[in-house]
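> Starting off with a structure, shown below.
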Amino acid sequence: MGQPQSSRELPAGHFIQLTATALQDFETTGTLQMLDDCGPSLTFAKANIYDASTRIVLHKDRVLRHIVLPYQLIRSSRSYSWYQRTGEMETVER
């Protein structure tokens, strides 16, 4: 293995842009996931849960992001869920 290298471009197909301003293509067989993110106006002082005088405002300080992860549920039971990245499905024996 070589030394790590930095790049301005992300490899295609390996990353999901969480803060994209436009619609993105996604796997229709993927798993919908909602992520909780910080808005640009959120500060550490505002996020202090011990200070009752400040409030975090949804869709301004707290932003919900809906993404589709490229994973599909293979099996589950009461104690586990097994997900596999889509595109690798041919390796699974059912």
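> Can you pull out the chymotrypsin sites (Phe, Trp or Tyr not before Pro) in the chain whose DSSP state is coil and whose Cβ has at most 15 other Cβ atoms within 10 Å?
When the chymotrypsin sites (Phe, Trp or Tyr not before Pro) of the chain are filtered for loop state and at most 15 Cβ neighbours within 10 Å, Phe15, Phe26, Phe44, Tyr50, Tyr80 remain.
> Based on the Cβ-Cβ distance of Asp51 and Ser76, what FRET efficiency does E = 1/(1 + (r/R0)^6) give at R0 = 30 Å, to the nearest 0.05?
Once rounded, the FRET efficiency stands at 0.15.
> Please report the relative contact order for the chain, taking Cα pairs under 8 Å with a sequence separation of at least 6, and give it as a percent rounded to a whole number.
So the answer I get is 28 percent.
> Continuing with this model, one more query. On full extension of the chain, what length is gained from Leu42 through Ala22, given 0.36 nm per residue of separation minus the C-alpha to C-alpha distance?
Contour length minus the Cα-Cα distance gives 4.9 nm.
> What residue among Ser53, Ser76, Ser41 shows peak mean-square fluctuation when the chain is described by a Gaussian network model with Cα springs under 10 Å?
It is Ser53.
> Take Asp61, Asp51 and order them by how many other Cβ atoms sit within 10 Å, fewest up front.
In order of increasing Cβ crowding within 10 Å: Asp51, Asp61.
Values in this text are rule-based calculations from the coordinates and carry no lab data. Here the structure is a predicted model, which means the values were calculated and not measured. Cβ: placed from backbone, ideal geometry, glycine included. Neighbour counts: every protein chain shown.
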